[in-house]
1. Take segment 421-440 and flag every residue that is over 20 Å from Gln337 (Cβ atoms) and either modelled with pLDDT under 85 or among the charged types (D, E, K, R) (or both).
2. Being without any contact (Cβ under 8 Å) to a residue 60 or more places away in the chain, farther than 24 Å from Glu115 by Cα, crowded, with 21+ Cβ neighbours inside 10 Å and not aliphatic (A, V, I, L, M) is true for just one of Cys319, Cys308. Which residue is that?
3. Out of segment 248-280, which residues are open to solvent by 10 Å² or more (accessible area, probe 1.4 Å) and acidic (Asp, Glu)?
4. Which condition from (1) farther than 22 Å from Glu127 by Cα; (2) outside any helix (DSSP H, G or I); (3) open to solvent by less than 40 Å² (accessible area, probe 1.4 Å); (4) polar (S, T, N, Q) is the one that Ser439 breaks?
5. On the basis of being open to solvent by less than 10 Å² (accessible area, probe 1.4 Å) and in contact (Cβ under 8 Å) with a residue 24 or more places away in the chain, does Gly201 make the cut?
6. Does segment 208-230 include one or more residues that are in contact with a Leu (Cβ under 9 Å, 6 or more places away or on another chain), open to solvent by 10 Å² or more (accessible area, probe 1.4 Å), among the basic types (Lys, Arg) and more than 29 Å from Cys387 (Cα to Cα)?
7. Would segment 346-354 turn up any residue that is open to solvent by 10 Å² or more (accessible area, probe 1.4 Å), under 30 Å from Lys158 (Cα atoms) and not aliphatic (A, V, I, L, M)?
Amino acid sequence: MTAIRMVSSVLLLVLMQSGALCARRFRGGRNPQPRRAPPPPTYRADRGDTTESFPLDFTAVEENMNDFMTQVKNLAQSLYPCSAQKLDYDMRLNFLENTSVTCNDGSPAGYYLKESRGSRRWLIFLEGGWYCFNKENCDSRYETMRRLMSSSKWPQTKTGTGILSPLPEENPHWWNANMVFIPYCSSDVWSGVTAKTEQSGYAFMGSLIIQEVLKDLLNKGLDNAKVLLLAGSSAGGTGVLLNVDRVAELLEGLGHTGIQVRGLSDSGWFLDNKQYHCTDCVDTVSCAPTETIKRGIKYWGGVVPEKCKQAHEGEEWNCFFGYRVFPSIKSPVFVVQWLFDEAQLTVDNIQLTGQPVQEGQWRYIQNLGIELRNTLKDVPAMFAPACLSHEVITRNYWIDVQVKGTSLPRALHCWDRSLHDNRNNKAPPKGCPVHLIDSCPWPHCNPTCPTIRDQFTGQEMNVIQFLMHMGFDVSNMPPHQGISLCYSPFELSFAL
């Protein structure tokens with residue numbers, strides 16, 4: 001209690017000093033406009049939850065008062081727009097010191113970094129972007145999506161959004177962490193360890209890129225980290241599942257045993273299910289997921305977690321599918337997965353292009369949600385809304401989506417607290433859920449799902465318009481299809 005009272009006093013003093021500084025700067029003379037000043041912080045609350053405040057890490061009081069006071073000063077800066085003029089919100093490009101680890105075309109791999117002085121939390125994000133699995137479609141990818149295979153035109157800075165945002169109103173629990181964004185330029189689902197050869201024409205070094213980034217960051221403050229969250233979306237989300245234990249083992253092997261390594265996999269939990277209708281395996285979109293991975297893992301020289309490799313010896317491709325690799329992972333992992341993932345539906349050859357949806361397609365979509373639920377039921381920490389979308393944690397609307405009244409940032413904060421309490425033999429926090437999955441049976445039955453847009457016009461659609469867009473007669477939809485509709489001219493409510 002003495003420490004908390006002292007912190008409160010110092011916080012008040014810091015805020016007063018910041019306010020005085022602000023007043024002096026605006027008293028007379030010109031008022032230089034900040035490049036990007038944050039709006040006043042808003043204290044968000046999930047529906048049904050108590051109001052949250054800024055997440056200062058009070059555990060630091062017990063361990064290191066200097067680090068805690070740095071957090072207080074950072075908070076004070078964020079509260080005053082005049083102080084925010086000094087803040088740089090962008091992550092800056094750094095190329096790897098080890099130049100032998102490269103992108104597909106041999107250009108140097110790298111990462112974007114925004115340091116948060118005094119913070120002992122690090123968030124390292126793996127970008128997504130599909131993959132290629134043979135010389136022909138890698139050549140095509142190089143012509144059409146060169147940014148995902150080469151660093152030659154990467155910008156010098158990058159602004160973080162969603163969980164990478166430095167603004168507390170957009171990122172309530174991780175805004176003051178050290179932020180690292182690793183661009184995806186290996187086309188191998190972050191699994192490759194193979195240098196460029198004449199036969200392949202490309203390097204596939206995704207797994208090695210992650211390891212080299214970690215080694216570089218150890219000289220930039222990561223060696224003093226308390227928590228490292230390895231996050232990623234889409235192919236990056238699968239990359240988290242493949243690499244989180246490898247990251248923990250690397251740090252432990254280098255003597256950094258005090259760093260708690262965790263994973264956050266967003267939209268990377270794919271199914272090796274049967275396609276709605278089979279097509280020739282020409283590219284990653286038309287080809288069945290199992291077939292592309294079988295071909296890709298050989299082409300990339302891909303590596304998978306050792307325990308999973310032993311469980312699927314000779315068929316290591318199984319380890320690219322979340323429900324198969326997850327039981328072998330030792331590090332804590334939080335899984336975020338839309339129940340009706342657009343990328344999954346695409347590779348399953350379900351095209352929602354405005355043509356009327358046939359009954360067989362509708363049943364396939366519903367069964368996909370059921371299959372995903374079944375594969376996620378034993379995952380202790382997860383967030384699975386019944387929405388039609390792909391990727392979420394770097395979207396600016398990531399704070400708005402809820403499952404059973406709990407938002408994703410809130411669920412991640414609860415998970416963070418539960419891991420801390422477990423390490424300290426404390427009871428888990430009450431009213432703080434971490435296993436959240438929608439039970440309604442069809443796309444966008446959750447009213448907090450992100451907005452759907454017409455693919456051709458770009459216009460927003462409400463749920464009725466979405467169903468009509470897919471060819472449904474909403475007034476005559478039978479209950480056996482899983483929907484009972486009661487609607488007015490203004491809204492549609494679902495009795496499920």
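1. Listed by number, the residues that qualify are Asp421, Asn422, Arg423, Asn424, Asn425, Lys426, Ala427, Pro428, Pro429, Lys430, Gly431.
2. The conditions single out Cys308.
3. Residues satisfying the conditions are Glu249, Glu252, Asp272, Asp280.
4. (3)
5. In short, no.
6. Yes, the conditions are met somewhere in segment 208-230.
7. yes
So that you can scan it fast, the table gives a plain yes or no per residue for (1) at pLDDT 95 or above; (2) among the hydrophobic types (A, V, I, L, M, F, W, C); (3) more than 18 Å from the chain's Cα centre (by Cα):
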| residue | (1), (2), (3) |
| --- | --- |
| Ser165 | yes, no, no |
| Met179 | yes, yes, no |
| Gly192 | yes, no, yes |
| Ser200 | no, no, yes |
| Ile209 | yes, yes, yes |
| Ala225 | yes, yes, yes |
| Leu230 | yes, yes, no |
| Ser233 | yes, no, no |
| Asp245 | yes, no, no |
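The values are calculated or read from the model by the stated rules, or taken from the named source; none is laboratory data. Quick caveat: nothing in here was measured; it's all calculated off a predicted structure. Backbone-built Cβ (ideal geometry, glycine too); neighbour counts: all protein chains shown. Protein only, heavy atoms only, side chains kept; ligands, DNA and RNA dropped before computing areas. Shrake-Rupley method; radii C 1.70, N 1.55, O 1.52, S 1.80 Å.
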